[in-house]
Amino acid sequence: MTEENNGWFNRVEQGINTETKDKKEIKEGLWYKCPACKEIVPKEDHEANLNVCVCGYHERVNAKRYFEILFDDNKYIELNADMTSADPLGFVDTKKYTDRLVATQKKSGLKDAITTVVGKIGTYDIVIAAMNFEFIGGSMGAVVGEKIARAIDYSIENKAPFMIISKSGGARMMEAAFSLMQMAKTSAKLTQLSDAKVPYISLLLDPTTGGVTASFAMLGDVNIAEPGALIGFAGPRVIRETIGRDLPEGFQRSEFVKEHGFLDYIVERKNLKNTLAQQLRMFAN
Amino acid sequence: MVLLDFEKEIGKLQEQLEKAINIGQETGVDVSSMVSDLETKIIDEQEKLYSNLSSWERVQVSRHPERPYTLNYIDYITDNDFIELHGDRNVKDDKAMVGGFGTIDGETVMFIGQQKGINTKMRQYRNFGMANPEGYRKALRLMKLAEKFNKPIVTLIDTPGAFPGLEAEERGQGEAIARNIYEMFKLKVPVICIIIGEGASGGAIGIGVGDKVFMLENTWYSVISPESCSSILWRTWDYKIDAAKALKLTASDMFNNKLVDGIIKEPLGGAHNNPKEIFKTVKKVIKETLTELKKQDPEKRITTRINKYTDMGVFNEN
């Protein structure tokens with residue numbers, strides 16, 4: 001076989017045709033490129049659209065952004081803002097857990113993987129615990145557990161509905177069994193919330209997996225999600241390795257999870273505030 | 001007896017012992033002093049080894065292929081007065097999770113636990129002790145059944161994790177575990193949980209919320225296995241020994257961190273070295289703990305159970 005006719009994998013053209021001098025630079029901060037449809041839009045427009053692309057892709061945004069979207073006049077009070085993780089196990093992997101915490105706090109400007117606040121949606125008071133995925137993958141350590149516990153106490157005392165916005169890879173390995181026990185701790189607190197007949201809405205975002213799915217995220221009086229969010233117990237990679245074949249299209253996405261009966265409804269971000277107001281009204285009246 | 005890699009010295013001594021006995025039988029030479037000498041040496045060696053096992057070595061003992069499994073405990077503790085109950089009433093009967101009523105010296109108890117298999121065929125049949133959602137839902141059904149008839153619950157935990165499969169996700173593995181944890185806090189009857197082998201993460205705590213939680217001496221309980229922890233944090237499988245140490249997953253670590261209520265001592269050389277002895281010890285612990293728990297009023301017991309778990313967690317407040 002000659003070089004010319006072994007053919008199909010030979011490049012006909014060079015891989016990159018654009019001269020370096022002609023390369024278009026996208027200035028950081030001005031444009032948003034959608035990872036789903038690759039469309040590039042001005043960041044301003046993208047944010048006006050609540051960080052949702054025209055193709056329907058919901059960009060992952062942090063807790064603060066949800067508060068802007070949900071609360072009237074962006075007014076809210078943060079609870080237990082200064083709580084930070086300790087290192088009860090003296091955990092060291094490739095680096096020290098304490099160093100990792102400091103670095104993450106610096107980079108993200110956050111204290112830990114959850115922010116708990118109280119504010120108003122429409123006329124309704126609501127306590128919201130929203131997870132920060134950018135803080136060690138939104139992992140659940142003792143701070144996440146304790147802040148949820150205290151937010152629930154606040155909800156019970158004030159008879160204010162409670163919502164958790166989950167976005168997490170699961171447990172925080174550097175807190176090992178302490179982290180595991182937060183699954184029990186948060187679930188225990190939810191039994192008290194339930195006994196007090198205070199509504200609990202669980203909003204699951206992209207991604208919600210592991211110990212978070214296997215505890216509070218699946219325990220809502222209503223479980224809701226944004227479109228296209230990855231929601232599952234085991235991660236897709238682990239499942240693929242276990243069963244030794246590819247996973248079907250749309251596996252573990254919100255629509256799939258709803259179809260199998262584990263979500264009450266899926267809500268687009270642009271409708272989130274109104275839908276929550278409606279939901280809260282129905283619990284209240 | 002299958003020996004673990006750190007038990008090589010014991011293996012050598014056992015070989016010598018066998019040889020000595022054989023020589024004695026074949027030649028008629030008196031080898032009794034040599035035999036008793038070697039027997040003492042073996043026990044000394046075991047004592048030396050087992051008093052100072054590393055975290056990873058304990059993980060190995062917890063997975064020893066001859067280690068007794070859930071049904072072995074139940075059979076002995078109930079003196080075979082046990083009726084297994086099957087199915088979650090929805091999907092199927094999960095073979096990785098077993099349960100049913102049994103009696104301990106005349107008193108009825110609901111036993112529930114993950115079940116591993118003793119050989120290749122049975123390991124597959126039991127799905128290696130990795131339950132699917134229907135396993136957790138069966139467990140919950142049985143717990144509610146126990147509650148209805150005011151029978152205490154004993155769970156025996158031995159799992160490398162909840163099964164991470166496609167159907168498991170379709171049927172809501174996360175929800176099933178979450179529901180169990182939640183409902184276990186509301187049970188009006190006493191609940192005792194005992195980790196008899198591996199206590200891996202959500203798969204373990206899915207039947208692991210109890211008034212009293214015990215770990216056998218050579219077991220582990222954590223949020224992830226050392227292997228998976230190594231693969232995620234070190235990005236290679238090679239750091240399982242470091243990961244085992246870092247996770248503080250042994251019974252004594254867990255007890256010192258106040259995450260479990262007690263340690264149950266195993267016979268020298270691990271539970272598999274003397275199954276009857278460990279069955280007896282576990283039975284005794286269950287009986288004593290039940291007597292103690294039954295003194296409490298159910299509402300008080302639930303509050304105590306909830307408070308125990310809500311106190312878990314170390315953090316800073318500035």
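Quick one: count up the residues across segment A:109-145 that are surrounded by 24 or more Cβ atoms within 10 Å (Cβ to Cβ), in contact with a helix residue (DSSP H, G or I) (Cβ under 7 Å, 6 or more places away or on another chain) and within 10 Å of another protein chain (Cβ to nearest Cβ).
The total comes to 6.
Mind counting the residues in segment B:281-300 that are part of a helix (DSSP H, G or I) and either within 14 Å of chain A (Cβ to nearest Cβ) or over 28 Å from B:Tyr76 (Cβ atoms) (or both)? Quick ask: steps written out before the conclusion?
Step one: filter segment B:281-300 for residues part of a helix (DSSP H, G or I), giving B:281-294, B:298-300.
Still in the list and also either within 14 Å of chain A (Cβ to nearest Cβ) or over 28 Å from B:Tyr76 (Cβ atoms) (or both): B:298-300.
Qualifying residue count, segment B:281-300: 3.
Out of the helices (runs of 4 or more DSSP H) lying entirely within segment B:9-108, which hold 2 or more residues that are more than 30 Å from B:Gly206 (Cα to Cα), open to solvent by less than 40 Å² (accessible area, probe 1.4 Å) and not small (Gly, Ala, Ser)? Walk me through how you get there before you give the answer.
On the way: elements: B:32-50, B:55-62, B:70-77.
Answer list for segment B:9-108: B:32-50.
I need the full set of residues from segment B:300-318 which are aliphatic (A, V, I, L, M) and either open to solvent by 50 Å² or more (accessible area, probe 1.4 Å) or more than 19 Å from B:Cys193 (Cβ to Cβ) (or both), in order please. Give the steps one after another, and end with the answer.
Step one: list which residues in segment B:300-318 are aliphatic (A, V, I, L, M), which gives B:302, B:306, B:312, B:314.
Result: B:Val314, single match.
Yes or no: B:Asn150 open to solvent by 50 Å² or more (accessible area, probe 1.4 Å), out of contact with any Gly (no Cβ under 6 Å at 6 or more places or on another chain) and on the phi > 0 side of the Ramachandran plot?
Yes: the conditions hold for B:Asn150.
Can you pull out the residues in segment B:265-287 that are buried (at least 17 other Cβ atoms within 10 Å of the Cβ) and among the basic types (Lys, Arg)?
B:Lys283
Please find, among B:Ile192, B:Ile224, the residue that is modelled with pLDDT of 95 or more, over 20 Å from B:Arg67 (Cα atoms) and in a strand (DSSP E or B).
B:Ile192
Here are some residues: A:Gly211, A:Gly228, A:Gly220. Which one is closer than 24 Å to B:Leu187 by Cα and touching a residue at least 60 places away in the same chain (Cβ under 8 Å)?
Exactly one of A:Gly211, A:Gly228, A:Gly220 is closer than 24 Å to B:Leu187 by Cα and touching a residue at least 60 places away in the same chain (Cβ under 8 Å), namely A:Gly211.
B:Ala244 is checked against (1) surrounded by fewer than 22 Cβ atoms within 10 Å (Cβ to Cβ); (2) farther than 21 Å from A:Gln182 by Cβ; (3) within 14 Å of chain A (Cβ to nearest Cβ); (4) not hydroxyl-bearing (Ser, Thr, Tyr) and fails just one. What number does that condition carry?
Of (1) surrounded by fewer than 22 Cβ atoms within 10 Å (Cβ to Cβ); (2) farther than 21 Å from A:Gln182 by Cβ; (3) within 14 Å of chain A (Cβ to nearest Cβ); (4) not hydroxyl-bearing (Ser, Thr, Tyr), only one is false for B:Ala244: (1).
So the check is Cβ under 9 Å with 6+ separation or different chains; which pairs have a first residue in segment A:152-163 that's surrounded by fewer than 23 Cβ atoms within 10 Å (Cβ to Cβ) and a second one that's in a helix (DSSP H, G or I) and aromatic (Phe, Trp, Tyr)?
The qualifying pairs are A:Ala160/A:Tyr154.
List, please: which pairs have Cβ atoms under 7 Å, are six or more places apart or on different chains, and start with a residue in segment B:301-318 that is within 7 Å of chain A (Cβ to nearest Cβ) and over 14 Å from B:Val213 (Cβ atoms) and end with one that is of a type in the set (D, E, K, R) and part of a helix (DSSP H, G or I)?
Partner pairs satisfying both residue conditions: B:Thr310/A:Lys185; B:Thr310/A:Lys189; B:Gly313/A:Glu146; B:Gly313/A:Lys185; B:Phe315/A:Glu146.
All but one of (1) more than 10 Å from every other protein chain (Cβ to nearest Cβ); (2) free of Cβ contacts under 8 Å to residues at least 40 places away in the same chain; (3) open to solvent by less than 40 Å² (accessible area, probe 1.4 Å) hold for B:Thr250, so report the exception by its number.
For B:Thr250, the failing item is (2).
Show me the helices (runs of 4 or more DSSP H) entirely contained within segment A:191-285 in which 3 or more residues are surrounded by 14 or more Cβ atoms within 10 Å (Cβ to Cβ) and touching a Pro at 6+ places or on another chain (Cβ under 7 Å). Can you show your working first?
Values: elements: A:210-213, A:236-243, A:254-259, A:269-284.
Once the helices (runs of 4 or more DSSP H) in segment A:191-285 are filtered for at least 3 residues that are surrounded by 14 or more Cβ atoms within 10 Å (Cβ to Cβ) and touching a Pro at 6+ places or on another chain (Cβ under 7 Å), what remains is A:236-243.
Going by the conditions given, is A:Val117 at negative phi, modelled with pLDDT under 95 and under 19 Å from the mean Cα position of the chain (by Cα)?
no
The values are calculated or read from the model by the stated rules, or taken from the named source; none is laboratory data. Note that this is a predicted model, so its numbers are computed, not measured. All Cβ positions, glycine included, derive from the backbone under ideal geometry; neighbour counts span all protein chains shown. These area figures cover heavy atoms from the full protein model, side chains too; ligands, DNA and RNA do not enter into them. Shrake-Rupley method; radii C 1.70, N 1.55, O 1.52, S 1.80 Å.
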